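Worksheet: the structure to be examined is printed underneath.
Here, each number is a calculation from the coordinates, and none is a lab measurement. Computed from a predicted model, the values in this text were never measured in an experiment. A quick note on method: Cβ atoms are made from the backbone with ideal geometry, for glycine too, and the neighbour counts reach across all protein chains shown.
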Amino acid sequence: MPALHSRLVRHPGRPADARCLAESSPNCRTLRLTFATGVSLYEGIVLPLRGEKITSAVINLLGGPMQMIEYCMPADDASGRTVATYGEPGRERNGYFLGGTATLGLAVDGLPFIHCHGSFVTEAGDVRGGHIVTEKTIVGSTPVTAFARTIDSFIVQLSEDTETNHRVFHPRSTSGAITDGVHRS
Amino acid sequence: MVYARIRPNEDLVQSIEKLCLAQGIERAFVRGSLGSLTAACIETPAGGSVMITGPAVEVVNISGEVRTDATGTPRAELHGVVSDANGHVRGGRFVSGNNIVCITFEIALEEWKPDSPA
C-alpha cells in the first residue's frame, strides 16, 4: 500500500511565528444547559451564559431531535482569497443531532459568537457532519442538553487572521469590549 | 483548562503533544476540539489508513487523551469523526504527523491528575 502523506498548503498571507496560541483558565465551572423545543442552539447557549456574565466557554453538546439543522461544508474559494471556504448551507429538517463541540466567544463587535461542529442523522437515516450554524439549528420535540465549561481568566474573540484571510477565534489574555445583545440572522 | 488555537500547516496530534510540553501537562483529557484539516488521515479497523481529502475536512468530534510515557514524552491518542465537502463522515484514530491543520483548530485540554496513575 502506498504511504499516505498530508501536504502542506501555501496560504495567502505570511505565516505568523507562533503556531499555537494558548491560554489557561484554572478555575473553570461546569454548567448544565437545557435547550427547550423551538430554541436555537445559539440562544440556548448564549442567553443562560450571559445571565452568568460568562462570555467564553467550551461546550459539549449532547444529542436530540431538531426541527431544523443548518450546516456548512468546505468548498473551494473561487475568488482565490482563501485556500478553502464554506459552500451554500445545507438544511436538514427533522434531523437528529448526535453531538458536537462549540466554542462561545465574542465577535469582533463584542457580541456573542459561537463556532460549532457536530454530526447528525438525517430524516432518511444517513449520518452527516459539518459546521453547524447555531442560529438556525432549532431544537425539536424534546429538550437538548449541553455542558458548558466556563472560561474566566481570559476571553476568546474573533479576529482577522492575515495568514489565512479568515476571521477565527483567538484566546486573548486581556478583556475585550463586551456588548449587550445577541446576533440576529 | 487550557484553550489553544493551532495555526495552519501544523499536525493536530503533535500540536496537542507540544501544547502539553509547553504547559507542563503530563495527563490531559480532550474537553473540546473543532477545526479543519487539509486532509484527514485515520486508521481503519483493518489496520491500514485512509486519507479523506479537502479542500478542507471538518473535524466534528474527537475523543482523546494525552499521557506521558516512560521517557517523559506526551503521547496523544485521538479518535474521532470527520466530514468531507459533501458532509459525508468517516471515523477512526488520527495518525500522528499526517493530520495537517487547514484554517484553524481549537483545542481545549483538561489537565488530569490521578491520585494513583493507572
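What is the diffusion coefficient of the protein assembly as shown in µm²/s, taking the Kirkwood radius over Cα pairs and the Stokes-Einstein relation at 25 °C with a viscosity of 0.890 mPa s? Diffusion coefficient, whole number: 126 µm²/s.
In a fully extended conformation the segment linking A:Asp152 and A:Arg93 would gain 17.6 nm over its present Cα-Cα distance, using 0.36 nm per residue. Residues considered: B:Thr71, B:Thr44, B:Thr53. Largest GNM mean-square fluctuation over chain B, using C-alpha springs under 10 Å, is found at B:Thr71. Comparing B:Ala70, B:Ala28, B:Ala39 in a Gaussian network model of chain B, where Cα atoms under 10 Å apart are tied by springs, the biggest mean-square fluctuation is seen for B:Ala70.
Modelled this way, with points 7 Å down the Cα-to-C-beta line, the labels at A:Ala124 and B:Arg75 are 4.3 nm from one another. A cut-off of 5 Å between modelled amide H atoms, ignoring neighbours fewer than 5 places along the same chain, links A:Tyr86 with A:Ala75. Per-residue Karplus couplings for region B:13-27, computed as 6.51 cos²θ - 1.76 cosθ + 1.60 with θ equal to phi - 60°, are listed in order as 5, 5, 5, 5, 5, 5, 4, 5, 4, 5, 8, x, 9, 8, 9 Hz, Gly and Pro entered as x.
Rounded to the nearest angstrom and ordered from largest down, what semi-axes does the equivalent ellipsoid of region A:104-143 get from its C-alpha gyration tensor (root of 5λ)? Walk me through the intermediate numbers first.
Values: eigenvalues 132, 32, 9 Å².
Working from the Cα gyration tensor, I get semi-axes of 26, 13, 7 Å.
For region A:15-30, backbone phi angles converted through the Karplus equation (6.51, -1.76, 1.60; θ = phi - 60°) give residue-by-residue couplings of x, 5, 5, 7, 9, 9, 9, 10, 9, 10, 10, x, 10, 6, 10, 10 Hz, Gly and Pro being listed as x.
Between the DSSP loop rule and a limit of at most 15 other Cβ atoms within 10 Å, which trypsin sites (Lys or Arg not before Pro) in region A:1-91 are left?
Passing both the DSSP loop test and the Cβ count: A:Arg7, A:Arg10, A:Arg19, A:Arg29, A:Lys53, A:Arg81.
Can you return the aspartates and glutamates within cross-link range of B:Lys18? Criterion is Cα-Cα under 18 Å, with same-chain partners fewer than 8 residues away left out. Output for B:Lys18: A:Asp17, A:Glu23, B:Glu10, B:Glu26, B:Glu65, B:Asp69, B:Glu77, B:Glu106, B:Glu110, B:Glu111.
Based on every Cα atom in region A:30-172, Rg and the maximum pairwise Cα distance Dmax equal 15.4, 44 Å.
What residues from region B:16-32 fall in the zone where the backbone N is under 17 Å from a label point 7 Å along the Cα-to-C-beta line of A:Thr30? The answer is B:28-32, whose backbone nitrogens lie closer than 17 Å to the label point.
Normalised by the number of residues in chain B, the average gap of Cα pairs under 8 Å and 6 or more apart makes the relative contact order 42 percent.
Take the Cα radius of gyration of region B:2-111 and divide it by 2.2 N^0.38 Å, N being the number of residues; the result is 1.00.
For B:Asn61, the amide hydrogen comes within under 5 Å of the amide hydrogens of B:Val81, counting only partners 5 or more places away or on other chains and with H modelled in the peptide plane. The H on the amide N of A:Leu106, modeled in the peptide plane, is under 5 Å from the matching H of A:Phe113, A:Val156, A:Gln157, A:Leu158, each at least 5 residues off or on a different chain.
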